[in-house]
Amino acid sequence: MPYKLSFLDKSPLQAKEAAGEALSRTLLLAKTAEELGFARFWVAEHHNSAKLASSSPEVLISFLLAHTNRIRIGSGGVMLQHYSAYKVAENFNLLAALAPGRVDIGIGKAPGGMPLSTHALQGAYDPARKPGFEAQLTELDRFLREHHDGSDAGNQLAAFPAPAQPAERFLLGASSESARLAARLGWSFVYPGHIHGDEAAIGEAVAAYRDAGGTSVLLAVGVVTAETDDLAQSLAPDTRRFRVDIENGQGVNVTSREQALEYVRQTGSRQYRIEERSSLLLRGAPAQVHAGLQRLHRAFGIDEFIVDCPVTEGAWRLKTIELLAAAAQASLAA
């Protein structure tokens with residue numbers, strides 16, 4: 001195949017199951033992805049969501065690394081605005097020291113939750129002193145790159161431990177601004193097509209990244225696949241997204257108009273705009289999905305896709321990995 005496949009999981013809970021069951025299923029997905037040749041397995045960060053068990057990707061990454069052998073494991077992504085760049089660097093340097101050559105750090109700009117959880121996460125910050133996202137990412141990049149001689153001199157600040165193979169760095173973003181920032185810092189760029197699937201916007205961001213000197217761009221896509229096109233169509237959920245922009249605040253993407261209105265309510269904003277967006281979703285039998293990936297590969301020069309299966313039932317997320325891998329093997333054998 002002219003492209004690699006990777007997988008993103010949010011550890012959704014089915015019906016009334018416990019979080020431990022959802023997390024065990026995420027491990028099963030990671031092991032299967034490794035066995036079937038996927039390049040990476042990433043986990044997301046979501047806060048104050050009873051239906052998603054992945055609230056701390058660093059902790060879940062360490063668990064997945066300990067129970068797999070080869071596949072790269074990473075975050076898709078860490079919501080940097082909530083944290084100290086120094087502490088994030090320490091976390092991922094430690095992970096990279098534990099599993100050399102297997103750790104990815106994906107960073108996102110979004111809050112990963114509603115204002116209620118954002119306030120809880122950032123309650124200790126003085127808003128007047130909180131750095132902007134670009135400053136935070138630049139600081140994080142420095143801590144991930146720079147390692148002193150290990151003398152622990154009080155006037156030298158570094159994020160220890162110093163791994164032999166640092167985590168591979170990815171910036172998740174849906175704008176040309178984010179694309180140029182990734183290129184400036186020498187990070188790979190991941191466009192979240194599974195959230196904002198407008199292909200004109202994808203093309204603009206990818207072009208901006210490459211024009212700025214970026215060399216590695218990945219595309220996240222939604223995939224629902226089954227043995228037949230009809231079955232895949234019947235499984236596909238509502239994948240609409242809603243963009244919320246409020247006065248003097250960060251815009252966010254949510255999954256329903258009700259969530260968008262709740263976001264506005266929690267901010268207390270009187271002026272806001274809600275825009276419905278469509279995600280980039282490929283659905284059908286595996287051959288049809290791969291045909292869609294081939295088209296995107298040719299259109300945007302994408303060499304690696306991050307697959308997000310928006311179906312809550314774990315059996316179908318597992319099936320997605322198995323069917324895509326089998327179709328890829330069949331294509332190679334043809």
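The values are calculated or read from the model by the stated rules, or taken from the named source; none is laboratory data. If you're wondering where the values come from, they're calculated on a predicted model, not measured in any experiment. Note that each Cβ is placed from the backbone with ideal geometry, even for glycine, and that neighbours are counted across all protein chains shown. Accessible surface is based on the protein model in full, side chains and every heavy atom, while ligands, DNA and RNA are left aside. Shrake-Rupley method; radii C 1.70, N 1.55, O 1.52, S 1.80 Å.
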note = For Val190, other-chain or 5+-apart residues with amide H closer than 5 Å (H placed, Pro excluded) are Leu171, Leu172, Gly173, Leu218
query = Using a Gaussian network for the chain with springs between C-alpha atoms less than 10 Å apart, which of these wobbles most: Lys31, Lys51, Lys130?
reply = Lys130
Region 151-218, dipole about Cα centre (Lys/Arg Cβ +1, Asp/Glu Cβ -1), debye to the nearest 20 = 160
ask   = For the chain, with only Lys/Arg (+1) and Asp/Glu (-1) charged at the beta-carbon, what is the dipole magnitude about the Cα centre, in debye rounded to 20?
value = 140
task = Give the Rg (one decimal place) followed by the Dmax (whole number) of the chain, computed from C-alpha coordinates and expressed in Å.
result = 19.6, 64
inquiry  = So if I take the centroid of the Cα atoms in region 83-129 and the same for region 306-334, what is the distance between those two points in Å?
reply    = 30
key: Most fluctuating residue given options Pro100, Pro111, Pro166, as computed from a GNM of the chain linking Cα atoms under 10 Å   = Pro100
5 angstrom amide H check on Asp9, placed H, neighbours 5+ away = Trp42, Val43, Ala44
note = Residue-ordered couplings for region 181-189, obtained by feeding phi - 60° into the Karplus form 6.51 cos²θ - 1.76 cosθ + 1.60 and rounding to whole Hz (Gly and Pro as x), are 5, 4, 5, 4, 8, x, 8, 5, 10
note = Beyond 16 Å, the calculated P(r) of region 108-202 holds a percent of Cα-Cα pairs equal to 68
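Order Ser234, Ser75, Ser279, Ser56 by their accessible area, 1.4 angstrom probe, all chains in place, largest first. Show your work: numbers first, answer last.
Details: Ser234 85, Ser75 0, Ser279 20, Ser56 45 Å².
Solvent-accessible surface, decreasing: Ser234, Ser56, Ser279, Ser75.
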query = Can you list the HN-Hα couplings for region 311-316, worked out from phi with the Karplus curve (6.51, -1.76, 1.60; θ = phi - 60°), rounded to whole Hz and with x for Gly and Pro?
reply = 8, 5, 4, x, 4, 7
remark   = DSSP beta bridges in the chain: the antiparallel percent, rounded to 5, is 20
ask   = In square angstrom, rounded to the nearest 10, how much accessible surface does Glu17 have for a 1.4 Å probe?
value = 30
request  = Could you order Met114, Met1 so the one with the most accessible surface comes first? Probe is 1.4 Å.
outcome  = Met1, Met114
Highest-MSF residue in the chain out of Glu45, Glu21, Glu258 [GNM, Cα springs under 10 Å] = Glu258
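Please give the charge dipole size of region 181-251, origin at the Cα centre, charges +1 on K and R Cβ atoms and -1 on D and E Cβ atoms. Round to the nearest 20 debye.
With Lys and Arg at +1 and Asp and Glu at -1, about 360 debye.
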ask   = How much length is gained if the chain between Gln294 and Glu322 is pulled fully straight, taking 0.36 nm per residue apart and subtracting their Cα-Cα distance, in nm to one decimal?
value = 8.2 nm
key: Centre separation in Å (Cα based) which lies between region 255-300 and region 1-62   = 20
message = Would region 55-105 count as rounded, prolate or oblate if I go by the C-alpha gyration tensor, calling it rounded below 1.5 in a/c and otherwise prolate when a/b exceeds b/c, oblate otherwise?
response = prolate
inquiry  = As a test question: what accessible area, to the nearest 10 Å², does Trp187 have when a 1.4 Å probe is rolled over all protein chains in place?
reply    = 0
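Roll a 1.4 Å probe over the protein chains and send me the accessible area per residue for region 242-323 in Å².
Accessible surface, normalised per residue, equals 49 Å².
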